[in-house]
Amino acid sequence: MITMDSTIDLVYGSTDNSSFMARYSAFNPYRFIRRETGFGTPLGAGDALARSLYCGMKPIASWDYEQANSLPTGGVFNLEFSPEGSLLVAACEKKSIQIFDPLTHQRIHSVNGAHSDCVNCVKFLDGRMFATCSDDTTIALWDVRNLSKKIRSLLGHSNWVKNIEFSVKDKLLVTSGLDGSIYTWDINSYTEYNLVYQRVFHASGLMRCRLSPDAKQMVMCTTGGLLVIIHDLNLSTLAQDLHGFKPNLYRLMQMSQQVIPIASMYDHLFERKRTENRVEFVSDFPLGNDAEVVSSLQVHPQGWSALSRNISHDDRSEWSCIHDIQPMNVESESSVRDSAPASPPPRRAVGRRGLRPRTRPYRAPRPHPAPSNTASPPSSSGHSVLAPPEAASTSQAQSRRPAEERGGAEGGAARAQPAGHGGAGLSSIQNDVWEASITIKQHRMLQEMYSRGQVGRNFNMQRIMGINTGIAPPTGLRTRHPRLLPRHSMFAHYESTLPSTSGQTPPLRESPSTSYDDPEPRHYIRQNKDRLLYYVEETNEGKGFIKELCYSADGRLVCSPFGRGMRLLALNENCSELSHCVNDFKGPAPMVELGQSLGVHQDLVVSTKFSPRYHLLVTGCLEGKIVWYEPFSGEALY
């Protein structure tokens, strides 16, 4: 007896996985017949359906300002659908936003002069209200029912604002910019001058900040090749919990394996027992990818993973990576392997047993802005602060060339940071760089002094440097000369060990709870867990511009800008979901190219977006052209 299944197998020539995928394809009538006769859907049929739809994505329509006989829009830096997928908003380089009907591909409204500089990002808060941010350092609130004027203009950032998120749980708008600051805005509070806002975190070299769909996690990426995850996010206490915390300095301590007290005093932020605002670093990347600048970041629709795109330090390669961001249970966090090159074993910090130091460090953290209930806009002097300079990363040439080629600020809104830098923006990152330099130099100097037998003769200088820089003395000096160094010099009682005005070293205050012979270490240099799941190397065309990649609505697919077109990338050949792929996960694996559409645009593609409701994809380029893609099984229509 010949069944329908065997007929399909004969048509496709086999009974393996390829025939199964073809049998349950979206374009195969067999799937509809089984559904009409009441048969259930077998395991894996969803993969076959998704794969057939995504493999058949073809460009079907396009729009540009020349076709519409309108003003030039410049590059399309961001594309955003409304929650129900009925509207598409494009953030454009030449200070405008364009609104489309995504199904008819027609523009239904245009707002010219929406900002006084490039529009960088669009974020819908609900079905009718959305927010935009710009290089003019402001955020604007809009209502789709009346676009003749903005609802509100939010002032607070001191440099280009690049990202907007909305916490549905807290009803707070979360913005981040190249000033390194993350602000929260209470959109339901109105004052005479502004909304109630608060700066909740600051990090040198901050590029992007994203929230998970349930707003329980915050993910940040930096120009130093680091992803920072905040688990169990509580925005109301974030500013207090992370006050003074410097991710770059803590990462420096990890890489140098040199204990830095002003960094290790924030070790409690990484503890698994924390119930709110627990910090985790992610720093593992594929072999051959040093991830100098992580410029683009997206979170999985279910909050399972983070999708990022980074640039290598020599500007010769770009990579897209998927990292797991779900909370993990580990037996010993201090023993987790780091992705950094092999280095000496962690050095033991000396402190009081079982007690976390509560005294302030030798140098007070940078002051925070006005309290959260501050309503007045910032002073004019605040707008002179520039984005983190090139010192934040040893190589950021990608932020210079595009500005020269495209002419000034308007041509460089998709860049990682400004092309020119002034002295005002150097302060925060220079602190980290200075501390990094002191860490390495002092370690080497003390080792040389000990090898030459100069330890005793230079005792006072060692103590002064160890206190003023906050750097722990090398382990060798502590073990061989336990009584030459103050037992309490690393954390508490800084005032007792500072040099006096007469140049004499004050007497030591012995602490009975501190012992150099104690076999149990009190502090570890915490290492990062390996989180990399999937990766792929990208084209390096258009150096210096941020390429916004995206997840599909079901999270099965990644659309990545690829030169003047795009690529569709899946986790495996069957286009399976992440939860199915990790069952037999054996280590980081390359993503699989499922389809591509190259040469559709006339310039570099810098933005992509999937519809949250339909199998619909749009891309935008630096020329201002927008292209729609839909599944199609016949000849290409465009």
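Looking at S579, S611, S597, S607, just one residue is closer than 24 Å to S308 by Cβ and more than 26 Å from the chain's Cα centre (by Cα), and that residue is S597.
Just wondering, is there one or more residues in region 566-574 that are open to solvent by 10 Å² or more (accessible area, probe 1.4 Å), modelled with pLDDT of 90 or more, in a strand (DSSP E or B) and touching a Ser or Thr at 6+ places or on another chain (Cβ under 7 Å)? Checked region 566-574: at least one residue is open to solvent by 10 Å² or more (accessible area, probe 1.4 Å), modelled with pLDDT of 90 or more, in a strand (DSSP E or B) and touching a Ser or Thr at 6+ places or on another chain (Cβ under 7 Å).
Do we find a residue being in contact with a Lys or Arg (Cβ under 8 Å, 6 or more places away or on another chain), among the aliphatic types (A, V, I, L, M), under 26 Å from L569 (Cα atoms) and assigned to a strand (DSSP E or B) anywhere in region 72-87? Yes, some residue in region 72-87 is in contact with a Lys or Arg (Cβ under 8 Å, 6 or more places away or on another chain), among the aliphatic types (A, V, I, L, M), under 26 Å from L569 (Cα atoms) and assigned to a strand (DSSP E or B). As a summary of the residue check, Y54 satisfies the conditions (1) open to solvent by 20 Å² or more (accessible area, probe 1.4 Å); (2) within 31 Å of the chain's Cα centre (by Cα) except for the one numbered (1).
Residues that are closer than 15 Å to S597 by Cα and of a type outside the set (A, V, I, L, M, F, W, C) were ranked within region 541-565; the one that is surrounded by the most Cβ atoms within 10 Å (Cβ to Cβ) is P561. Identify all residues within region 595-619 that are assigned to a strand (DSSP E or B) and open to solvent by less than 20 Å² (accessible area, probe 1.4 Å); write none if there are none. Listed by number, the residues that qualify are G595, S597, V605, V606, S607, T608, F610, L617, V618, T619. When E635, E623, E630 are screened for being at pLDDT below 90 and surrounded by fewer than 24 Cβ atoms within 10 Å (Cβ to Cβ), only E635 passes.
A quick yes/no check of all residues on (1) under 23 Å from Y183 (Cβ atoms); (2) open to solvent by 30 Å² or more (accessible area, probe 1.4 Å):
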{"position": "D232", "(1), (2)": "yes, yes"}
{"position": "L242", "(1), (2)": "yes, no"}
{"position": "Q254", "(1), (2)": "no, no"}
{"position": "I262", "(1), (2)": "no, no"}
{"position": "M265", "(1), (2)": "no, yes"}
{"position": "L269", "(1), (2)": "yes, no"}
{"position": "D284", "(1), (2)": "no, no"}
{"position": "A306", "(1), (2)": "yes, no"}
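Of everything in region 114-135 that is more than 18 Å from E165 (Cα to Cα) and either without any contact (Cβ under 8 Å) to a residue 12 or more places away in the chain or in contact with a Ser or Thr (Cβ under 7 Å, 6 or more places away or on another chain) (or both), the residue that is surrounded by the most Cβ atoms within 10 Å (Cβ to Cβ) is C118. So, E538, is that one open to solvent by less than 40 Å² (accessible area, probe 1.4 Å) and acidic (D, E) or not? It is true that E538 is open to solvent by less than 40 Å² (accessible area, probe 1.4 Å) and acidic (D, E).
The values are calculated or read from the model by the stated rules, or taken from the named source; none is laboratory data. A quick note: this is a predicted structure, and the numbers were derived from the prediction, not measured. Please note: Cβ atoms are built from the backbone with ideal geometry, for glycine as well, and neighbour counts cover all protein chains shown. The area values use the complete protein model at the heavy-atom level, side chains included, leaving out ligands, DNA and RNA. Shrake-Rupley method; radii C 1.70, N 1.55, O 1.52, S 1.80 Å.
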